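What follows is a single structure, written as structure tokens, with notes after it.
The values are calculated or read from the model by the stated rules, or taken from the named source; none is laboratory data. The structure displayed is predicted, hence computed values, not measured ones. Virtual Cβ from ideal backbone geometry, glycine too; neighbours counted across all protein chains shown.
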Amino acid sequence: MNNFIEYAKYYDLLYKDKDYEAEAEYIHSVIQRYTGKSGEGSILEFGCGTGKHSVLLAKKGYSVCGVDQSSEMISLAQNRLKEESIQIQKRIQYFASNASELERPEKYDVVIALFHVISYQTSNHDLNLFLQSARKHLKPGGLFLFDFWYGPAVLGERPENRIKRVTDSNLEIMRIAEPVLRFRENIVDVHYMTIVEKGESQAPVKITELHRMRYFFEPELQLFLDHNDFEPTSLSNGRSYFFEEWMTSSLPTQKTWGVLCAAKAKV
């Protein structure tokens, strides 16, 4: 069994409580703060998953190109898009590709990488390739937005074992997360066991996964961004790169696991 193919089938159910609409509105507001415009321009989304953010941003007026390395996720995104109006369908494209290997001829006004996509770049080499791809696909002065696991919170709060249960009319899913902190490498290995119950007549489906997540510190990211031809945005008054708590626009604290960073492609 290909575990990721199985996982993709249940992805939307596992994250049915995720507030995609609020997140899309938040990203839209940050873009507005930077550009002074509302719902204009083009967005390239790294790690688009099943396309929920893409559709919501297209409904705000953006043209969106969604990229995900999982062809299964892209297939789900394309099926979702068929349910939208022709106007929205014309604003969205999807491609199956590793973000770091992407080669698109277009240049975009904004590149986004949400849901901690950058934290999956666990080596310095992979991180540089990821940032280079974002820069390569941005117009000069374009905006790069990404969220990540914030080091001070990971070390201060420490990851814990978690159990998540979700249901719909046909399925019951239990997902167990067991994290292992590798503090010398700035990495958390999250071991997942997902058990899917499809009814008494069928045997449970068990899916095991390892998600290797890198947590970052602000000075570290500033160095990597500088190295890859980015610079601070006007959002931070030019003093440093822009960091804020995900969704709240507050300054990060030792309890802030998710932080948004904004950087500008050098002109």
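So, residue 160, is that one over 15 Å from the mean Cα position of the chain (by Cα) and more than 30 Å from residue 62 (Cα to Cα) or not? For residue 160, the condition - over 15 Å from the mean Cα position of the chain (by Cα) and more than 30 Å from residue 62 (Cα to Cα) - is met. Select, from 80, 33, the only residue that is surrounded by fewer than 20 Cβ atoms within 10 Å (Cβ to Cβ), under 27 Å from residue 250 (Cβ atoms), in contact with a helix residue (DSSP H, G or I) (Cβ under 8 Å, 6 or more places away or on another chain) and of a type in the set (D, E, K, R). Only one candidate passes the filter, namely 33. Residue 23 - would you say it is surrounded by 17 or more Cβ atoms within 10 Å (Cβ to Cβ), in contact with a His (Cβ under 7 Å, 6 or more places away or on another chain) and in the same structural domain as residue 146 (by the TED database)? Yes, satisfied. If you go through the range 105-117 one residue at a time, do you hit one that is surrounded by fewer than 20 Cβ atoms within 10 Å (Cβ to Cβ), part of a strand (DSSP E or B) and in contact with a strand residue (DSSP E or B) (Cβ under 7 Å, 6 or more places away or on another chain)? There is no residue in the range 105-117 that is surrounded by fewer than 20 Cβ atoms within 10 Å (Cβ to Cβ), part of a strand (DSSP E or B) and in contact with a strand residue (DSSP E or B) (Cβ under 7 Å, 6 or more places away or on another chain). Quick check, is residue 74 touching a residue at least 12 places away in the same chain (Cβ under 8 Å), more than 29 Å from residue 205 (Cα to Cα) and either assigned to a loop (DSSP other than H, G, I, E, B) or aliphatic (A, V, I, L, M) (or both)? The answer is no for residue 74. When the range 196-212 is filtered for residues that are farther than 25 Å from residue 119 by Cα and either modelled with pLDDT of 95 or more or of a type in the set (S, T, N, Q) (or both), the ones remaining, listed by number, are 201, 202.
State all residues of the range 178-199 that are closer than 27 Å to residue 125 by Cβ and either of a type in the set (Lys, Arg) or in a strand (DSSP E or B) (or both); if no residue qualifies, say none. 179, 180, 181, 182, 184, 187, 188, 189, 190, 191, 192, listed by residue number. Counting only residues that are surrounded by 11 or more Cβ atoms within 10 Å (Cβ to Cβ) and either modelled with pLDDT under 95 or part of a loop (DSSP other than H, G, I, E, B) (or both), the range 83-102 holds 4 of them.
Can you tell which of 175, 182, 135 is more than 28 Å from residue 67 (Cα to Cα) and either in contact with a helix residue (DSSP H, G or I) (Cβ under 6 Å, 6 or more places away or on another chain) or not aliphatic (A, V, I, L, M) (or both)?
None of the others qualify; the one that does is 182.
Is it the case, given these coordinates, that residue 51 is farther than 22 Å from residue 257 by Cβ, touching a helix residue (DSSP H, G or I) at 6+ places or on another chain (Cβ under 6 Å) and at pLDDT 95 or above?
yes
Would you point out the residue of the range 131-145, among those that are out of contact with any Phe, Trp or Tyr (no Cβ under 8 Å at 6 or more places or on another chain) and not small (Gly, Ala, Ser), that is nearest to residue 261 (Cα to Cα)? Among residues in the range 131-145 that are out of contact with any Phe, Trp or Tyr (no Cβ under 8 Å at 6 or more places or on another chain) and not small (Gly, Ala, Ser), the one nearest to residue 261 (Cα to Cα) is 145.
Can you confirm whether the range 196-213 contains a residue that is under 14 Å from residue 11 (Cα atoms), surrounded by 12 or more Cβ atoms within 10 Å (Cβ to Cβ) and more than 23 Å from the chain's Cα centre (by Cα)? Yes, the range 196-213 contains at least one residue that is under 14 Å from residue 11 (Cα atoms), surrounded by 12 or more Cβ atoms within 10 Å (Cβ to Cβ) and more than 23 Å from the chain's Cα centre (by Cα).
Number of residues in the range 77-99 that are polar (S, T, N, Q) and either under 16 Å from residue 49 (Cα atoms) or not assigned by the TED database to the domain that holds residue 245 (or both): the value is 5.
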